[in-house]
1. Under 8 Å for C-alpha pairs, at least 6 residues apart: give me the relative contact order for the range 237-383, rounded to a whole percent.
2. Which of rounded, prolate, oblate describes the range 241-341, given a ≥ b ≥ c as roots of the alpha-carbon gyration tensor eigenvalues and a/c under 1.5 marking rounded, otherwise prolate only if a/b is larger than b/c?
3. Classify the range 6-113: rounded, prolate or oblate, from the alpha-carbon gyration tensor (a ≥ b ≥ c, eigenvalue square roots; a/c under 1.5 rounded; otherwise prolate if a/b is larger than b/c)?
4. Evaluate the Kirkwood expression for the hydrodynamic radius of the range 294-381, namely the inverse of the mean inverse distance over all pairs of different C-alpha atoms, and round to one decimal in Å.
5. Just how far, in whole angstrom, is the range 191-270 from the range 140-161 if you go by their alpha carbon centroids?
6. Provide the gained length on full extension for the span I20 to Q63, in nm with one decimal, where the gain is 0.36 nm per separating residue minus the Cα-Cα distance.
7. How far apart, in nanometres, would the label points at R226 and E254 be if each is projected 7 angstrom from Cα along the Cα-to-Cβ direction?
8. For the pair L105 and M202, what calculated FRET efficiency results from E = 1/(1 + (r/R0)^6), where r is the Cβ-Cβ distance and R0 = 51 Å, to the nearest 0.05?
Amino acid sequence: MFLLENHLAQQIVERTMAIIGNNINVMNHAGIIIGSGDQKRLGEKHDGALLALQRGCTVEIDQQTSRNLKGALPGINLVLKIQEQIIGVVGITGDPDECRNYANLVKMSAEMIVEQASLTEQLQWDRRHREEFISSWINNKQNPSELLDWAKRLDIDMSAPRVAVVIRFRNSEQPMSLKDMRKVVELLEYPKRDNLVAVQSMNEMVVLKPATFKHGKWDSADESRRIDLLLARLKENKIQSLDIALGHFFEGDEAVALSYQSAKLTLAAGTLKHSPQHKHLYDQLRLPVLLSPLKKSWQGKQLRSAFKRLQQADTNGQLVKTLITLFESEHSQAECAKKLFIHRNTLRYRIKRIHEISKVDPEQFSGLMELYIGYLLKGDLER
């Protein structure tokens, strides 16, 4: 049952009094005045409203009748209904003969305000319910059969292939404004895109978007282009301090939960060094994402140890930069020297120093890989 609340009752009073000038009272289902042009009357019991509620119809009160009724002045009391249920009474103060002509107009206006509020409340409830479902889905909080029943009630097709996107507002100390949050959600949902959007906090939201395919395979390039379009639209709306991470597409019973996990780890890897980039893709960050579970294990500690020795000795960061460039040059010393704008002999000297300090030889590809993994894991820990 819809309950008529004080703030809505006062809204009815203010809107209708702006049109007709007479004092308006709004009473709840118990006949208590919860909205009035005369603030002193708030909280009083209105016998005229009680009569209207008991009879289920309009009650007119003239001057003589009002003397026998508590809290009632001459006027007309009309029951307010929503979906055929009586939720309260709206009263117009004044001579019934003078009020009668516009009484039904006041009732109609009041019921329209109530219906709009009820619809808004229902939409908000639906959104909250959908967000709770999405949260349970991505975090595997519900058993599969219960989740499927829940999805059917919400008219959500869980079998449709989806990929997760995580959006996070960059300023963690100051939450995103509600206005900006609503605008982001609006851009994600309209026009109809079949995106499932859930606000996780005032700084983060998750989007489960329909996966697109090309030649029978998931088209990550198309998903990337769509993120570019979204970023452009956000920029047009002066919303730029966001990071957007696209996870990987999975198949199977836990596909959505795995995609969400990959998107979260992609976001963490992409924002590790405070990159100016706003878009972070799993396909471009596969290695740090896939290695991230190692960071708290003994194996991860072993992998970090060699790089840690190098980092502690490398006070100006020159050797670490050389190590990273050598890896990105696919172990080609010629390419590495070219990118660093140094002579090959200088590069050889630096590689020798890296070997001496770390006790791992970067001239061997396995050694270079170990040091680079140590770099990735060390950075992740010290984020």
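Every number in this text was worked out from the coordinates using simple rules, so none of it is lab data. If you're wondering where the values come from, they're calculated on a predicted model, not measured in any experiment. As a convention, Cβ positions derive from the backbone with ideal geometry for all residues, glycine included, and neighbour counts pool all protein chains shown.
1. Relative contact order of the range 237-383: 24 percent.
2. Values: a/c = 2.13, a/b = 1.63, b/c = 1.31.
It comes out prolate by the Cα gyration axes.
3. Because its axes are fairly even, with a/c under 1.5, the range 6-113 counts as rounded.
4. After inverting the mean inverse Cα-Cα distance, the result is 12.8 Å.
5. When both Cα centres are located, 20 Å separates them.
6. 13.4 nm
7. For the pair R226/E254, the computed spacing is 2.5 nm.
8. 0.75
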